[in-house]
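Notes follow the structure.
The values are calculated or read from the model by the stated rules, or taken from the named source; none is laboratory data. Predicted, not measured: the structure shown is a model, and the values here were computed from it. Note that each Cβ is placed from the backbone with ideal geometry, even for glycine, and that neighbours are counted across all protein chains shown.
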Amino acid sequence: MLARRLPSILPDLTFDEALEITKIHSISGLLSEDTPFIFTRPFRSPHHTITETSLVGGGRFPKPGEVSLAHYGVLFLDELTEFHKSTLEVLRGPLEDKMITVSRVDFSTTYPCNFMFVASMNPCPCGYYGSKEKQCTCREDQIQKYIHKISGPLLDRIDIHIEVEGVNYQKLGNDLPSESSSEIRKRVNKARQLQLERYKNYHIFSNSELTPKLISKYCKLSKESKHILEEAFNRLGLSARAYSRILKVARTIADLDNSPHIQTHHLAEAIQYRSLDRKYWCR
């Protein structure tokens with residue numbers, strides 16, 4: 001439910017983004033007379049039986065796969081551990097490079113695939129490992145086998161890891177007002193405008209596209225923040241890739257807070273979003 005609502009709070013498409021999305025869907029034959037131009041961010045949610053070719057693109061006459069059809073939008077994989085491990089592993093390149101090259105004997109084609117990757121999974125086969133409400137019935141070896149269907153390198157490419165606990169009846173039944181998607185989107189658009197202005201000379205749209213050189217320039221930390229990040233790096237056993245992603249997330253949190261610099265609490269929040277891989281995958 002949360003994943004399907006993501007497009008409603010993502011920043012408005014720029015004309016250049018909309019043009020790229022429309023080109024990809026045109027090549028795939030997905031445009032109609034009623035919708036000759038795409039103005040909204042795509043949301044793709046393929047079934048776990050999808051093949052590698054359908055996911056990343058290919059075929060006798062190579063067409064864009066789901067990763068390209070989700071360009072500048074959301075690719076959501078529900079029940080992540082139900083996908084074939086080999087299928088998931090082909091995502092590693094596109095997530096890192098933001099493009100996919102499909103090669104055949106006579107030619108090769110490159111498609112863009114700069115998408116937001118969102119996935120959900122249970123912590124174990126029965127779904128109750130770590131739950132405060134119900135006892136897990138899985139054996140230790142079953143949990144380990146289930147968890148490790150997701151490789152470390154793939155997990156390392158995911159910026160944010162969130163553990164969502166079960167919702168009780170009291171929370172489901174309350175009538176407290178909640179913030180609307182349109183209100184949230186206003187904050188997101190404001191943060192995106194900051195980024196568009198900041199990176200206008202680099203031909204990128206957001207913090208997620210920062211190169212190592214640009215990270216050094218725009219994600220500077222105070223002495224205290226550097227110490228906090230160093231402690232987290234050593235304690236959590238973070239990789240170099242995780243280090244860069246934490247800084248990008250912290251920069252985004254600062255933008256949402258309308259702060260010109262990354263503050264200590266921005267960095268601390270970003271670090272908290274990297275704890276699940278150490279909780280479940282390093283047992």
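Look through segment 211-235, keep the residues that are assigned to a helix (DSSP H, G or I) and of a type in the set (Val, Ile, Thr), and return whichever of them is surrounded by the most Cβ atoms within 10 Å (Cβ to Cβ).
Going through the qualifying residues, I end up with Ile215.
Looking at Ser222, Ser208, Ser182, Ser239 in this structure, which one is small (Gly, Ala, Ser) and touching a strand residue (DSSP E or B) at 6+ places or on another chain (Cβ under 9 Å)?
Ser208
Which condition breaks for Ile204 when tested against (1) farther than 23 Å from Leu2 by Cα; (2) at pLDDT 95 or above?
Result: Ile204 fails condition (2) only.
If you check Ser131 against the conditions, is it out of contact with any Gly (no Cβ under 9 Å at 6 or more places or on another chain) and either in the same structural domain as His266 (by TED's automatic domain parsing) or surrounded by 10 or more Cβ atoms within 10 Å (Cβ to Cβ) (or both)?
no
Part of a loop (DSSP other than H, G, I, E, B), among the basic types (Lys, Arg) and over 22 Å from Pro94 (Cα atoms): which single residue out of Lys186, Lys200, Lys190, Lys171 fits that description?
After applying the criteria, what remains is Lys200.
Need the failing condition index for Asp255 against (1) modelled with pLDDT under 95; (2) farther than 30 Å from Ile143 by Cα, just the number.
Condition not satisfied by Asp255: (1).
Among the residues of segment 113-129, write down those that are of a type outside the set (Phe, Trp, Tyr), touching a residue at least 12 places away in the same chain (Cβ under 8 Å) and assigned to a loop (DSSP other than H, G, I, E, B).
Those that are of a type outside the set (Phe, Trp, Tyr), touching a residue at least 12 places away in the same chain (Cβ under 8 Å) and assigned to a loop (DSSP other than H, G, I, E, B): Cys113, Asn114, Ser120, Met121, Asn122, Pro123, Cys124, Pro125, Cys126.
Filter segment 200-229 down to the residues that are within 20 Å of the chain's Cα centre (by Cα) and among the charged types (D, E, K, R) and list them by number.
Glu209
Kindly list, by first and then second residue, each pair from a residue in segment 136-153 that is closer than 22 Å to Gly166 by Cα to a residue that is of a type in the set (Val, Ile, Thr) and surrounded by 13 or more Cβ atoms within 10 Å (Cβ to Cβ), limited to pairs with Cβ atoms under 7 Å and residues at least 6 apart or on different chains.
Cβ pairs passing all conditions: Tyr146/Thr81.
Suppose we keep only residues that are among the small types (Gly, Ala, Ser) and surrounded by fewer than 20 Cβ atoms within 10 Å (Cβ to Cβ) within segment 58-83. Which one would you say is nearest to Pro212 (Cα to Cα)?
Selected residue: Gly58.
Looking only at segment 139-168, how many residues end up being assigned to a loop (DSSP other than H, G, I, E, B), exposed (fewer than 13 other Cβ atoms within 10 Å of the Cβ) and of a type in the set (Asp, Glu)?
2
Please verify whether segment 143-153 includes one or more residues that are outside the structural domain of Thr252 (by TED's automatic domain parsing) and in contact with a strand residue (DSSP E or B) (Cβ under 9 Å, 6 or more places away or on another chain).
yes
Residue under question is Phe107, and the condition is that it be of a type outside the set (D, E, K, R) and loosely packed, with under 15 Cβ neighbours inside 10 Å; does it hold?
yes
Given the condition closer than 21 Å to Gln193 by Cα and without any contact (Cβ under 8 Å) to a residue 24 or more places away in the chain, answer yes or no: does some residue in segment 240-249 qualify?
No, segment 240-249 has no match at all.
Can you name every residue in segment 104-160 that is under 19 Å from Gly93 (Cα atoms), more than 19 Å from the chain's Cα centre (by Cα) and at pLDDT below 90?
Residues satisfying the conditions are Arg104, Ser108, Thr109.
Does Ser86 meet the test of being touching a residue at least 40 places away in the same chain (Cβ under 8 Å), more than 30 Å from Glu183 (Cβ to Cβ) and either assigned by TED's automatic domain parsing to the domain that holds Thr110 or buried (at least 17 other Cβ atoms within 10 Å of the Cβ) (or both)?
Judged against the criteria, Ser86 is not a match.
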